[in-house]
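Step one of this worksheet: look at the structure below.
Throughout, read-outs are computed from the coordinates displayed, never taken from laboratory work. What you see is a predicted model, and the numbers here were worked out from it, not measured in a lab. Cβ atoms come from the backbone with ideal geometry, glycine included; neighbour counts cover every protein chain shown.
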Amino acid sequence: MKRVLLVDDDPIVNCAHEEILQQAGFATLAVTDGEQALSALACEDVDVIVSDIQMPVMSGLSFLKAVRSVDMDVPVVLVTAEPELSGAMDAVQYGAFRYLVKPIKGNELKETIEQALRVRMLSKLQRETLSPPRGDEPTLPPLSELHMKFQAALRQLYIAYQPIVKYADRSIFSYEALVRTKEESLRNPVLLFDAAKKLGKTIEIGRRIRQLVATTAHAHPDVKFFVNVNPTELEDDELSADSGHLTPYSDRVVLEITERNDLSSVSALPQRLRMLRSKGFGIAIDDLGAGYSSLSSFIDLEPDYVKVDMSLVRDVHVSPKKRALISGIRRVCVEELDVTVICEGVENESERQVLSDEGIDLMQGYLFARPGDPFPEANF
Ligand code: G
Ligand code: MN
């Protein structure tokens, strides 16, 4: 039986939630403050935590941080009586699975917990399936040359486009814009962005990329684009400004935000995404399942798409665990959250076949086309 830990300073609320959950077949454990909850966690197995945000002894957010320092996976559902409270907005940044507004309907609580359990199972499967990142990244040019090399890279910046295909009807759904430079020492985009960060030029390079994509979007009014944005670039108001490079094309631009980096450093992330959405942009979570990133934090970002990282796609035809993981991601995303799934990095027909069998139709990868400039055709 799955165990839910309930944390609320109001015993009446705890009682009501216990009743709902026990009827739904869960075991429950109720405490009235964060400190008691932490002691309980130290000696009991708990599958999901439901915690109030406003509590006198220890706030829900401090409690959530403390939980995360001992357990990266256990899903925490935060509950608030005040939906506008900015703390609630920050909940997702500390890795809350979801936050719910009081009073919570019985079904809502039950379904949220069932969903949290499924995502928890996926996170566990992910940990067991993927080997840890290797850390053999290429290195930056020496600092003395970095500025010059970076300026050269900026001058020689261009965009390569890779099709995202809709396999069922053998059509091109969209193109992902991938930044490239002809400057040899910074050809690797990861290095290029590391250099930008070191030199304080992240905002500048982001704008330059969007300017290049905007020129192409202007020339090709029928094409949809997926554009990568670094989490730090989300803090650039140019992105959503009416005068922003991509704003005129927002209804056919999806912004990809990578799950690979730590999204908790971006201030007011949910509000920023909401703003971008209100301007017409689509939102995609990129690299889902890469490395050890958490599978549960993306849900409150309410993306339109998730892009499953190629580390899960690679050899999916011979790895039952990867297949189960992709299948689970698809179920949660498509059936429960109305989020469209795209699989990246499809390299061969065997991988493609398994993904099709799993009901995934949007794919991207060398099997169909390498990134190119101008738009490459796709091979089917
Ligand atoms: O992080 P993001 O998904 O935006 O990065 C995509 C990167 O993966 C690009 O640099 C692109 O060139 C590369 N890529 C695209 N398709 C494939 C593929 O099928 N296999 C491999 N190994 N890399 C790919
Ligand atoms: Mn991407």
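Worth a mention:
- With Cα atoms as the point set, the chain shows a radius of gyration and Dmax of 22.2, 67 Å.
- Beta bridge orientation in the chain: antiparallel %, DSSP, nearest 5: 25
- Shape call, segment 279-380: gyration tensor on alpha carbons, a/c limit 1.5: oblate
- Only helices enter this figure: runs of n ≥ 4 DSSP H residues, each worth -39500 (n - 2.57), summed and divided by the residues of the chain, yield -11000 deg cm²/dmol at 222 nm to the nearest 500.
- Highest-first arrangement of 26-34, 120-128, where packing means the average Cβ count within 10 Å: 26-34, 120-128
- Relative to the longest principal axis of the Cα atoms of the chain, the long axis of helix 34-43 makes an angle of roughly 90 degrees.
- Each other residue within a Cβ distance under 12 Å of LEU337 adds +1 if Lys or Arg and -1 if Asp or Glu, for a net charge of -3.
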